[in-house]
1. With labels modelled as points extended 7 Å from the Cα through the Cβ direction, what inter-label distance (nm, one decimal) is found for VAL339 paired with CYS312?
2. Charges only on Cβ, +1 for Lys and Arg, -1 for Asp and Glu: so what's the dipole of the chain about the Cα centre, in debye to the nearest 20?
3. Could you list the square roots of 5 times each eigenvalue of the Cα gyration tensor of the chain, that is, the equivalent ellipsoid semi-axes, sorted largest first and rounded to whole Å?
4. Can you tally the net charge around MET97? Count Lys and Arg as +1, Asp and Glu as -1, for every other residue whose Cβ sits under 15 Å from the Cβ of MET97.
5. When the chain is fully extended, how far beyond the present Cα-Cα distance does GLU20 get from MET68, taking 0.36 nm per residue of separation?
6. Just name one of ALA172, VAL75, MET150: the one whose Cα is farthest towards the positive end of the charge dipole of region 4-281 (beta-carbon charges, Lys/Arg +1, Asp/Glu -1).
7. May I ask for the distance between the Cα centers of region 44-79 and region 123-147, given as a whole number of Å?
8. Tell me, what HN-Hα J-couplings in whole Hz come from the Karplus equation 6.51 cos²θ - 1.76 cosθ + 1.60 at θ = phi - 60° for each residue of region 334-344, using x for Gly and Pro?
Amino acid sequence: MPEKVLIHPAAYSNVSRAVERVFELFPLQLRGKRVLVKPNVLRASEAAESIVTNPAVLRAVVEKVETMGPASIVVGDNPGLFSYGANEESFKKTGLMEASKGYYQNIGNDSVKVAFNAAFLPSVSVSRAVMEADVIISLPKFKTHGLTVMTGAIKNSYGILPGAQKAMLHKAAGSPERFHEVVVEVFRLRVPDLFIVDAVVGMQGNGPASPDLRNIGLVLASDNAVAVDAVIATMMGCEPGRLRFLRKAKEAGLGDYDLAAAEIIGELKRLPDFKLPPMGGEALMKNESMQSMLHSRAVLRPKAGPERCTGCGTCVDHCPVSALSINGQKNIPEVDPDVCIACFCCQEMCPEKAITLR
Ligand code: SF4
Ligand code: SF4
């Protein structure tokens, strides 16, 4: 059977129509099942910033699932890198708490230990709600990402890890190239059953927390993460086979990014003039020597812009290798290029979007 991807027009005001169509094309048997719905909740932010899955998409999915007779519904994610305490705050500020209709659970509070790829860590803790769910519905956001070029279905599963482990794995990976492997290793711990991507308003440029938003007007869906991520990459103007994490996922038997073999329901079009992350994402693509060069100690490091930076220190707190410190005179963070592993966690977590990659 070819992998199937739905591309459906949608606005936030009518997104339930697209969600109905998703469940027609990808029917799930939910009666009596424990269902986990996992939006992308990077951090506390306003819904209009489009850093997280829009609450309208979450609400439409929850309302649909409610009609299908599940034994239980849990809505949850593990925002941020260290943020056990910021879970509720992130859901509330984004409007996702209200959209969860009472099914929200802080899934970071209870976890189970599972074996991991020992090349990185011998084991990791995964939210119990993830490992015990019968069905997982993942709700990624259509966004660029400085480290993986794009964030979509596979990357959304990074949030199954509570707390500081995300940062620990960044550190264990040690380089952007190896981080692509980590992302796939985490994803395969529990592959979700359905992916519904919020591409109504997407993000381009310096994602995953860029102010550069893009009206796209679509919902994408598939029961295969590799195929739907290949569609996102293609829309962004990036040949899917150049993305290391998609190659890894294919090698692991998780799906195929060759869309010639897939069934696309809807119109797949490249978005004109779409802005990829700095360096055009080249740093993360196929050319290994280019990758090493771009991530060498002299190139591609985070820099805080004084016009936006408030000196809050969030980036310093979230750097997994303590490469940042606040310059007391300028009240702005500075990076030690000999220590930085180019993970871009600081950029992800900066509430002022002050960090760019230079
Ligand atoms: S998190 Fe952002 S605003 Fe806060 S110190 Fe770092 S760069 Fe500045
Ligand atoms: S300075 Fe930023 S990019 Fe460099 S290691 Fe720390 S968090 Fe990662």
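1. 2.2
2. 180
3. Semi-axes from the Cα gyration tensor: 30, 22, 20 Å.
4. Local net charge: +1.
5. Working it through step by step, the gained length comes to 16.1 nm.
6. Comparing the listed Cα positions along the dipole, ALA172 ranks first.
7. 13
8. Working through the residues one at a time gives 10, 9, 8, x, 6, 9, 4, 9, 6, 8, 6 Hz.
Readers should treat all values here as calculations from the given coordinates under stated rules, not as data from a laboratory. Predicted model, so just to flag it, every value in this text is computed and none were measured. Reconstructed Cβ throughout: ideal geometry from the backbone, glycine too, with neighbour counts over all protein chains shown.
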